[in-house]
Amino acid sequence: MGADCVRRYKLDGELVSTFGEGGEFIAVDPRDGAILINDRGSIRVYDPTGTKLRSWETAKPGDEDFEVAEKGLSVGPDGTVFVGTGLTGDGVHFFDPDGSRLGKIDPAFSTEAYLTVVQDVAVASTGEVFVADWDPDIGFRVLRFSPN
């Protein structure tokens with residue numbers, strides 16, 4: 001297996017196994033330990049042993065609402081998959097565990113919570129979504145969104 005793969009090691013650095021294809025962002029589903037890899041618009045899901053379960057494209061042909069420039073990947077406690085776009089004003093999109101788009105976090109520009117250029121996204125066990133964002137006028141900041 002080449003360099004572009006997932007490599008599993010013991011804590012002492014001994015290589016245990018390799019599988020699949022690598023990517024830019026990785027997350028683990030807290031429900032079952034599935035490993036999600038985000039690589040330029042493609043989400044690949046593997047079970048903990050490395051068997052590929054499914055994959056999907058985050059952007060569909062002709063989809064002007066989502067461009068392929070992802071920044072960050074996280075999985076919520078219910079399996080919802082969150083992908084930050086890294087594009088000015090496009091927010092954080094979220095998908096069900098099978099890849100159907102459910103919506104996006106994209107507060108109005110007129111609010112303090114607007115997202116400029118998402119850098120990363122994380123989800124707490126409570127379902128709160130944390131977004132690392134960059135704004136040229138403010139700098140780097142972290143915003144916290146409540147599920148309710």
Scope segment 102-137; condition modelled with pLDDT under 90 and touching a Ser or Thr at 6+ places or on another chain (Cβ under 8 Å); matching residues: 116, 117, 118, 134, 135, 136
Scan of segment 5-33 for residues that are in a loop (DSSP other than H, G, I, E, B), over 24 Å from residue 76 (Cα atoms) and touching a Gly at 6+ places or on another chain (Cβ under 8 Å), ordered by number: 5
Residue selected from segment 34-76 under the condition acidic (Asp, Glu) and part of a loop (DSSP other than H, G, I, E, B), by the criterion modelled with the highest pLDDT: 47
Residue under evaluation residue 86, criteria (1) modelled with pLDDT under 90; (2) assigned to a strand (DSSP E or B); (3) among the small types (Gly, Ala, Ser), criterion not met: (2)
Number of the exception - residue 54 against (1) surrounded by 14 or more Cβ atoms within 10 Å (Cβ to Cβ); (2) under 18 Å from the mean Cα position of the chain (by Cα): (1)
Scan of segment 105-148 for residues that are without any contact (Cβ under 8 Å) to a residue 24 or more places away in the chain, assigned to a strand (DSSP E or B) and of a type outside the set (Asp, Glu), ordered by number: 130, 134, 139, 140, 141, 142, 144
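The values are calculated or read from the model by the stated rules, or taken from the named source; none is laboratory data. Remember, predicted model here, so these are calculated numbers, not experimental data. All Cβ positions, glycine included, derive from the backbone under ideal geometry; neighbour counts span all protein chains shown.
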